[in-house]
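Encoded as structure tokens, the structure appears first; notes follow it.
The values are calculated or read from the model by the stated rules, or taken from the named source; none is laboratory data. Here the structure is a predicted model, which is why all the values come from computation and not from measurement. Neighbour counts are summed over all protein chains in view; Cβ atoms, including those assigned to glycine, are modelled from backbone coordinates with ideal geometry.
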Amino acid sequence: MLRVLTLSTLFPDAGRPNFGVFVERQTAALAALPEVEVRVVAPVGVPPGLGWLPRYRALAGLPPRESWHGLSVERPRFAVVPGAGGRFHAGSLIHALRPVLARVRRDFAFDVIDASFFFPDGPAAVALGRHFGVPVSIKARGADIHHWGRAPATRDQVRAAGQAADGLLAVSQALSDDMVALGLPPARVHRTGVDQGRFRPVERVPGPPHVVSLGALIPRKGHEVVIRAVARLPGVRLTVAGEGPERRALDGLIATLGVGDRVRLAGSVPHDALPALLQGADVMALASASEGLANAWVEALACGTPVVVTDAGGARELVRCHAAGRVVARDADAFATAIGELLAAPPPRKAVRATVADYSWQRNARDLHAHLAALVSARAR
């Protein structure tokens, strides 16, 4: 029996059900394997003395431990310092988690720590692994490398953790290459999963051409580019699913372009509602400045919906033929041209889905189990 302690600051909770839902799905699939036991530690960062502020109140009120969709989850608090660029996150996390893991270990003698986000989880996991004498794996997903791995206050911590970890995972080969460029060892590529039973093609209801863009309303996701592209395509509708600080600016852009009758900001859409949204779309478009390998890409393709994306992260590892969609420059004209091509000559939905036929949470779990078990065996030797 392999006993895994999953550590992730990126994990859903009652106030943020979509937050890190892919980590939850990965962990649940791992826990479903008969030869594995899993406990989850999902730390919550709250500034000291500021838990009463609206943005932190819901976090401060989360239960310290609970059963979340069948997973045993600890939610310890750790102190974050606003304005410090994350410099103290890892140290604070180590301080908060050492007694928590000591308590957990009394009835769950974990064999390995699986850090499912690189920062601050990775540096903390390495220190805790040394303290408890167990190997540590760290998984890179995208922003944890592209932001924290380059930010002056945290890049040395990221590099040191990567060099000290027993094993590294990355969601794409492109992300692994980015890690090497930052001075980290190469990571093993660990593909994301998708629920092929829920994300699948269905017969579409006839209507105007429909484009969907999925992602937080932040500059990195490039929703402005997609909105401008759709504005160039008369009669095409766009739904932007996500929430974030760019909402007011995007509302203003929609009004300026005069496309309020065709472009809708839908806000945060529950993950359980995403299959229907993607199944009803003709194209999923996302103009990201950086990614690891976006789950939204895989989910769209599983629904038979081709994608138009930028050359970010593992885009070319996924979009390898015209049935999957197009990889284009991050500008409105390029997106408009690619979307127009796919609307004029849509690839068969079965052919689109076939491009991600080997993506599943079951395969993801088996590969993760093999990786973690190998680290435990190597430590024993």
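Observations on the model:
- Qualifying positions in segment 270-306 - free of Cβ contacts under 8 Å to residues at least 60 places away in the same chain and either within 23 Å of residue 140 (Cα to Cα) or assigned to a loop (DSSP other than H, G, I, E, B) (or both): 297, 301, 306
- Hey, residue 368 surrounded by 16 or more Cβ atoms within 10 Å (Cβ to Cβ), in a helix (DSSP H, G or I) and at negative phi or not: yes
- Condition check for residue 249: assigned to a helix (DSSP H, G or I), over 27 Å from residue 311 (Cβ atoms) and either of a type outside the set (Val, Ile, Thr) or under 23 Å from the mean Cα position of the chain (by Cα) (or both): no
- Pairs meeting the criteria (first residue in segment 87-108 and farther than 21 Å from residue 47 by Cβ, second residue modelled with pLDDT under 95, beta carbons under 9 Å, at least 6 apart or on different chains) are 108/72.
- Residue 255 among the small types (Gly, Ala, Ser), without any contact (Cβ under 8 Å) to a residue 24 or more places away in the chain, part of a helix (DSSP H, G or I) and not assigned by TED's automatic domain parsing to the domain that holds residue 18: yes
- Residue in segment 281-303 that is assigned by TED's automatic domain parsing to the domain that holds residue 344 and more than 25 Å from residue 314 (Cβ to Cβ) present: no
- Here the condition is being in a helix (DSSP H, G or I), under 17 Å from the mean Cα position of the chain (by Cα) and among the charged types (D, E, K, R); of 177, 156, 144, it holds for 144 alone.
- Exclusive hit being at pLDDT 95 or above and in contact with a Phe, Trp or Tyr (Cβ under 9 Å, 6 or more places away or on another chain), set 342, 368, 301, 375: 301
- Taking segment 273-294 as the range and being of a type in the set (S, T, N, Q), within 17 Å of the chain's Cα centre (by Cα) and at pLDDT 95 or above as the test, only 288 passes.
- Criterion (in contact with a Leu (Cβ under 9 Å, 6 or more places away or on another chain), of a type in the set (Lys, Arg) and surrounded by fewer than 17 Cβ atoms within 10 Å (Cβ to Cβ)) met by exactly one of 103, 98: 98
- With respect to the conditions (1) acidic (Asp, Glu); (2) touching a strand residue (DSSP E or B) at 6+ places or on another chain (Cβ under 7 Å); (3) crowded, with 17+ Cβ neighbours inside 10 Å, residue 35 lacks only one, and its number is (3).
- Filter pass, residue 8 being in the same structural domain as residue 367 (by TED's automatic domain parsing), among the polar types (S, T, N, Q) and more than 22 Å from the chain's Cα centre (by Cα): no
- The residues of segment 195-211 that are among the charged types (D, E, K, R) and either crowded, with 16+ Cβ neighbours inside 10 Å or at pLDDT 95 or above (or both), listed by number, are 195, 198, 200.
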